[in-house]
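Take a look at the structure set out below.
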Amino acid sequence: MNKKEARAYFNYLMGLCLRNEEAFGPLALTLMNEQDLDELGLMPEEQFNLIMSTLKVMVNEPKRHGMKIEWMRKARGLLDKTVYNDPQLAQNLDYEIKKTEAELDIYKKAMHPPPRYDFQDKQSLIVQCDAPEYFLDIAPKRASTYYQNKFVVSNTARTAQHFGGGPRKFDPDNIAIQREFSGSCPPFMNSRVNGFHLMLPFDLKITRKFDEPLEGGLRIYYSKMGYSFPLSYEVDKLVSYYDGEVLDISMDDPNLLFVSVSMVKEPEFKFDGAGPSPGAPPEQVYPLTVLDRLVAIGPFLQVVTNFKVWYDASVMSLLVEGAPDLNDYGLAGGRGMLIRTHAADKLPAYAETTKEAWMEGLSFNFVNIHLGLLPAHDAAFVPYNTPMFSIYPLVAQKHLTWTSIEGMRESSKQ
């Protein structure tokens, strides 16, 4: 932007300001952040007016105070160079800076109070799984990148978030004032970026019809509420997976589920298992292993990743559920709370709890991925490294109490 363009743009901004246009604040702040106002040829008075006008329309929220203080200080530094240089105005600015700094300090203390309880020991979640490097290191990084890319908020939208609450006019196509995006919501993003997500290093496809299965392998199920049965496909017929009996099931039966997988696509994935099919290519071994463990439970598919978690159930429980954006792929995820050792395992699994000293007092559970097609969807395709199931550690219920503020006030008087 040359000086002539800067002059025209400054006049345009001040026109927006005079008309109380909502776009003034975001556009002015963008100019102030991205351009050197001295190099643009703006006089000290013009810079001072631009800064003070922008501060006037900025949202009065404590989390914005750091930015407000920065620009008030810049305005204070410009004041001595302007015709507005007046002791009373300087005193007012100094007062506003100190007042805003005090409010920011109150806000920071409220947002980051010292811990009320002294937790001496950090709780551990101990994992046994087929590919620990992938699930505990690579996958969390991929999940964070996935959500950051999916819900990225542009610099324009971030700037617009600093303004609002003033006079508004209907202007839905003005990019400068658009700020209401999913990525702008901290709780929404925290559930995604800060959650622990299970994913797969290969593509997964689930359909109700035999529709171009992926190259890594295929399983077929008759699956409806209350009943499921594994099938195979031989010579244009559906047969029992167990004994090859030909079954009178049409290929377009609405209760059929076709599940297929691709080869491994995550370049850093490592798996040392043998797999169910000797001689399979290395990149097919793990997908076939997961496919071999796959079971249907009514209309849901249980994808067994052999992800076993050990934890202290007296202190915490684990909320497991479909990843927050699973419905974007046409799928619903199961949900459950793990509060103690799994109660339906085989006896050797319980005997294992006495084998090593670190297992003493810990519960264990397998976290499997439970998926079901949404009612309005006949197919779902989930690309590799897509979050599919989430695990959220929670404080055990017996360590929590729900109390009204009135109850707390009464107890404090005693």
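Miscellaneous remarks
- Within segment 252-305, the set of residues being part of a loop (DSSP other than H, G, I, E, B) and under 16 Å from LYS209 (Cα atoms) comprises ASP252, ASP253, PRO254, ASN255, PRO299.
- The residue that is farthest from PRO287 (Cα to Cα), among those in segment 233-260 that are among the hydroxyl-bearing types (Ser, Thr, Tyr) and over 38 Å from the mean Cα position of the chain (by Cα), is SER250.
- Subset of segment 14-45 [part of a helix (DSSP H, G or I) and under 22 Å from LYS81 (Cα atoms)]: MET14, ALA28, LEU29, LEU31, MET32, ASN33, PRO44, GLU45
- Residues within segment 158-205 that are farther than 30 Å from ASN368 by Cβ, out of contact with any helix residue (DSSP H, G or I) (no Cβ under 8 Å at 6 or more places or on another chain) and either touching a residue at least 40 places away in the same chain (Cβ under 8 Å) or among the polar types (S, T, N, Q) (or both), tallied: 6
- Considering segment 331-363, the residues that are under 26 Å from the mean Cα position of the chain (by Cα) and not charged (D, E, K, R) include one that is modelled with the lowest pLDDT, namely ILE339.
- Residue satisfying condition, being at pLDDT below 95 and under 25 Å from VAL127 (Cα atoms), within set ASP236, ASP252, ASP312, ASP248: ASP312
- Scanning segment 17-74 for residues being among the β-branched types (Val, Ile, Thr) and surrounded by fewer than 20 Cβ atoms within 10 Å (Cβ to Cβ) gives a total of 3.
- Residue check for ALA131: within 30 Å of SER363 (Cβ to Cβ), hydrophobic (A, V, I, L, M, F, W, C) and surrounded by 13 or more Cβ atoms within 10 Å (Cβ to Cβ): yes
- ARG76 being among the basic types (Lys, Arg), in contact with a strand residue (DSSP E or B) (Cβ under 7 Å, 6 or more places away or on another chain) and modelled with pLDDT of 90 or more: no
- Which listed residue is in the same structural domain as LEU288 (by TED's automatic domain parsing), surrounded by fewer than 16 Cβ atoms within 10 Å (Cβ to Cβ), among the β-branched types (Val, Ile, Thr) and farther than 14 Å from ILE206 by Cβ, from VAL235, VAL239: VAL235
- Close pairs (6 angstrom Cβ cut-off, 6 or more residues apart or separate chains): closer than 14 Å to PHE269 by Cβ in segment 134-156, crowded, with 17+ Cβ neighbours inside 10 Å anywhere: TYR134/PHE269; PHE135/CYS129; ALA139/MET199; ARG142/ASN385
- Taking residues in segment 52-76 that are more than 15 Å from LYS99 (Cα to Cα), and partners anywhere that are β-branched (Val, Ile, Thr) and in a helix (DSSP H, G or I), the pairs with Cβ atoms closer than 8 Å and at least 6 places apart or on different chains are LYS74/ILE51; ALA75/ILE51.
Rundown of residues vs (1) at pLDDT below 95; (2) out of contact with any Leu (no Cβ under 7 Å at 6 or more places or on another chain), yes/no style:
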{"residue": "LYS209", "(1), (2)": "yes, yes"}
{"residue": "ARG219", "(1), (2)": "no, no"}
{"residue": "LYS224", "(1), (2)": "yes, yes"}
{"residue": "TYR227", "(1), (2)": "no, yes"}
{"residue": "TYR241", "(1), (2)": "yes, no"}
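- Checklist (1) charged (D, E, K, R); (2) surrounded by fewer than 17 Cβ atoms within 10 Å (Cβ to Cβ); (3) closer than 26 Å to LEU318 by Cα applied to ARG192, failing item: (2)
The values are calculated or read from the model by the stated rules, or taken from the named source; none is laboratory data. It should be emphasised that the depicted structure is a prediction, and the values quoted were computed from it without experimental measurement. Don't worry about glycine lacking a Cβ; one is built from the backbone with ideal geometry, like all the others, and counts go over all protein chains shown.
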